[in-house]
1. Report yes if ALA98 is among the small types (Gly, Ala, Ser) and either assigned to a helix (DSSP H, G or I) or at pLDDT below 75 (or both), otherwise no.
2. From the set of residues in the stretch 1-39 that are among the β-branched types (Val, Ile, Thr) and surrounded by 11 or more Cβ atoms within 10 Å (Cβ to Cβ), which is nearest to VAL205 (Cα to Cα)?
3. Which residue pairs have Cβ atoms under 9 Å apart, sit 6 or more places apart or on different chains, and have a first residue in the stretch 118-136 that is basic (Lys, Arg) and a second that is part of a helix (DSSP H, G or I) and surrounded by 16 or more Cβ atoms within 10 Å (Cβ to Cβ)?
4. For GLY230, state whether it is at pLDDT below 95 and under 30 Å from ASP21 (Cα atoms).
5. TYR207 is checked against (1) within 30 Å of ILE139 (Cα to Cα); (2) open to solvent by less than 70 Å² (accessible area, probe 1.4 Å) and fails just one. What number does that condition carry?
6. What are the residue pairs meeting all of these: first residue in the stretch 203-222, first residue over 29 Å from SER163 (Cα atoms) and among the β-branched types (Val, Ile, Thr), second residue open to solvent by less than 50 Å² (accessible area, probe 1.4 Å) and assigned to a helix (DSSP H, G or I), Cβ atoms under 8 Å, and 6 or more apart or on different chains?
7. Looking at SER183, SER163, which one is polar (S, T, N, Q), surrounded by 14 or more Cβ atoms within 10 Å (Cβ to Cβ) and closer than 22 Å to ARG26 by Cα?
Amino acid sequence: ALEVVKRVLGLSLDQPVALADTLQYRPMPLSPEDAVELAMTRRQDLLAARLEVEAADFQRRAQRANSLPILYLDGNYVWQGQSTEGMVPGRGETAQSAWVGLTLTWPVFDGLENRNKPRQAQAELAKARLRTVQLEETIRLEVRTRWWALRALEEELAGVDESIRFATEALEIAEVRFRGGLSTQVEVLDADVALTQAQLTRTGVLYRYELALADLERVIGEGPPLDPAGDKP
């Protein structure tokens with residue numbers, strides 16, 4: 001497992017690595033609704049899909065404009081002068097002209113090109129919107145599924161903690177009984193084994209809980225703030 005970590009990190013297999021993290025329970029304070037809302041703002045694939053919708057809508061409006069009449073208003077004013085004496089033309093040595101034009105164009109005979117392109121652009125916009133809606137529903141399902149899986153592991157962890165508490169009390173009682181001559185060493189050993197097994201079970205559940213928490217962070221996007229200070233441990 002350590003060599004797999006090195007491989008993922010791009011390190012040499014001979015590189016010494018010391019794991020600094022520990023299996024420590026971190027509660028997940030987000031509700032499923034908050035987790036979904038956070039994913040809707042952080043998932044890069046959803047943000048890209050929304051940008052595709054904006055681009056398709058812009059393309060639709062541009063294609064629609066090509067099929068509409070276009071009205072041009074142009075104007076021009078020219079002042080010219082010529083002088084044989086000095087830099088400034090005198091009276092009678094200048095000429096002025098101006099014109100204004102109004103042009104209307106209407107693409108009538110275009111082989112139905114301007115009629116079909118807006119329809120195609122509208123279809124592309126509809127498909128982009130449908131893909132975005134489907135992706136949003138998929139993200140909601142992913143987040144809620146992983147949130148409830150994490151919640152189930154929290155309940156399982158609470159049950160294991162209760163088992164550890166009972167096993168600890170049972171071991172204490174067995175030790176007292178043994179010191180009082182009311183039981184044998186076997187009873188103490190059995191109680192100790194039961195406590196060790198409960199602790200081992202808790203480690204396994206906690207390991208699965210950490211994996212589920214990381215999976216929830218992944219489907220959210222960048223990961224929720226998991227501690228009250230807002231800094232991800």
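The values are calculated or read from the model by the stated rules, or taken from the named source; none is laboratory data. Note that this is a predicted model, so its numbers are computed, not measured. Glycine also receives a Cβ, built like all others from the backbone with ideal geometry; neighbour counts cover every protein chain displayed. Accessible surface is based on the protein model in full, side chains and every heavy atom, while ligands, DNA and RNA are left aside. Shrake-Rupley method; radii C 1.70, N 1.55, O 1.52, S 1.80 Å.
1. On the way: among the small types (Gly, Ala, Ser): yes; either assigned to a helix (DSSP H, G or I) or at pLDDT below 75 (or both): no.
Judged against the criteria, ALA98 is not a match.
2. Step one: filter the stretch 1-39 for residues among the β-branched types (Val, Ile, Thr), giving 4-5, 8, 17, 22, 36.
Those left that are additionally surrounded by 11 or more Cβ atoms within 10 Å (Cβ to Cβ): 5, 17, 36.
Details: VAL5: 21, VAL17: 25, VAL36: 25 Å.
Within the stretch 1-39, the match that is nearest to VAL205 (Cα to Cα) is VAL5.
3. ARG119/GLN63; LYS127/ALA56; ARG129/VAL53; ARG129/ALA56; ARG129/ASP57; ARG131/ALA49; ARG131/GLU52; ARG131/VAL53
4. Numbers: at pLDDT below 95: yes; under 30 Å from ASP21 (Cα atoms): yes.
Against the criterion (at pLDDT below 95 and under 30 Å from ASP21 (Cα atoms)), GLY230 qualifies.
5. (2)
6. Partner pairs satisfying both residue conditions: VAL219/ALA39; VAL219/ILE139; VAL219/VAL143; ILE220/ALA35; ILE220/LEU38; ILE220/ALA39; ILE220/VAL143.
7. Working: SER183 fails: closer than 22 Å to ARG26 by Cα.
Criteria check complete, one pass: SER163.
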